[in-house]
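Everything on this sheet refers to the single structure shown next.
The values are calculated or read from the model by the stated rules, or taken from the named source; none is laboratory data. Small disclaimer: the values here were computed from a predicted structure and weren't measured. Cβ placement follows ideal geometry from the backbone for every residue including glycine, while neighbour counts extend to all protein chains displayed. Accessible surface is based on the protein model in full, side chains and every heavy atom, while ligands, DNA and RNA are left aside. Shrake-Rupley method; radii C 1.70, N 1.55, O 1.52, S 1.80 Å.
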Amino acid sequence: SGVSKHYGTLHAVAGLDLELHQAERVALVGHNGAGKSTLIKLMLGVIRPTEGHVEVLGVDPAHHAFAAVRMSMGFLPENVVFPPSMTGAEVLSFYARLKRQPVSRNRALLERVGIAAAASRPVRTYSKGMRQRLGLAQALIGEPRVLLLDEPTTGLDPASRQSFYEIVAEFGQKGTTLLLSSHVLAEIEHQADRVVMLDH
């Protein structure tokens, strides 16, 4: 509520009020530089607001108790970067351990995003779309209660985008709250329950 984030004279987010509900899919739409990624970083606790208050699952991301809340969140950044020498399976195992989730569930995640056949290959051999799908699998570890997806379909072909949105819809039906950012309204407006325009 009333959230602003300033970097000197640059106002990345200015006086934003936004409430997300359980099982809701919200599209955050705005041009590059409108503050979409900044808002997601505020929700993750990576940065703190200059003004206003942020709360996720009842906890301020600046509070020490938020470490436990973060375990219930999934995040897919706009630019996915994984160690190039690690295999897809190794990357997912690393993140599963970070989130204290059983590694045994990873195979099903890799199959769900369509890259199980490449699980034993190094990430450096992956196309951009495959790395994006690995990033989605990472975000889905532990069936998160809140899923933050920043420009999630970057690098995906039309068939992969359709598959991606099917997965998103499934998680929404399970009760996950989803925030999807995009600068392309036409693509995302039919995949969300509500569209929030960021423009300042």
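How many of the residues in the range 60-85 are part of a loop (DSSP other than H, G, I, E, B), open to solvent by less than 50 Å² (accessible area, probe 1.4 Å) and either within 28 Å of residue 162 (Cβ to Cβ) or in contact with a Pro (Cβ under 8 Å, 6 or more places away or on another chain) (or both)? Qualifying residue count, the range 60-85: 4. Residues in the range 150-192 that are among the aliphatic types (A, V, I, L, M), closer than 18 Å to residue 114 by Cα and either under 12 Å from the mean Cα position of the chain (by Cα) or assigned to a loop (DSSP other than H, G, I, E, B) (or both): 156, 168. Across the range 32-52, what is the number of residues that are touching an Asp or Glu at 6+ places or on another chain (Cβ under 7 Å) and assigned to a loop (DSSP other than H, G, I, E, B)? Looking only at that region, the number is 1. Scanning the range 15-26 for residues that are part of a strand (DSSP E or B) and either surrounded by 15 or more Cβ atoms within 10 Å (Cβ to Cβ) or of a type in the set (Asp, Glu) (or both), we see that the one that is farthest from the chain's Cα centre (by Cα) is 16. Restricting attention to the range 125-147, does a residue exist that is in contact with a helix residue (DSSP H, G or I) (Cβ under 6 Å, 6 or more places away or on another chain), surrounded by 19 or more Cβ atoms within 10 Å (Cβ to Cβ), in a loop (DSSP other than H, G, I, E, B) and at pLDDT 95 or above? The answer is yes, given that some residue of the range 125-147 is in contact with a helix residue (DSSP H, G or I) (Cβ under 6 Å, 6 or more places away or on another chain), surrounded by 19 or more Cβ atoms within 10 Å (Cβ to Cβ), in a loop (DSSP other than H, G, I, E, B) and at pLDDT 95 or above. For the range 5-14, the set of residues classified as surrounded by fewer than 20 Cβ atoms within 10 Å (Cβ to Cβ) and either closer than 20 Å to residue 150 by Cβ or among the β-branched types (Val, Ile, Thr) (or both) consists of 7, 9, 10, 11, 14, listed by residue number. Can residue 94 be described as aromatic (Phe, Trp, Tyr) and assigned to a strand (DSSP E or B)? When the stated conditions are applied, residue 94 does not pass them. Every condition in (1) charged (D, E, K, R); (2) modelled with pLDDT under 90; (3) under 17 Å from residue 80 (Cα atoms) is met by residue 189 except one, and the failing one is (3).
Taken over the range 185-200, the criterion of being open to solvent by less than 70 Å² (accessible area, probe 1.4 Å) and either out of contact with any strand residue (DSSP E or B) (no Cβ under 8 Å at 6 or more places or on another chain) or closer than 16 Å to residue 146 by Cβ (or both) is satisfied by 187, 192, 196. Within the range 152-183, being surrounded by fewer than 21 Cβ atoms within 10 Å (Cβ to Cβ), in contact (Cβ under 8 Å) with a residue 40 or more places away in the chain and closer than 23 Å to residue 34 by Cα holds for 154, 183.
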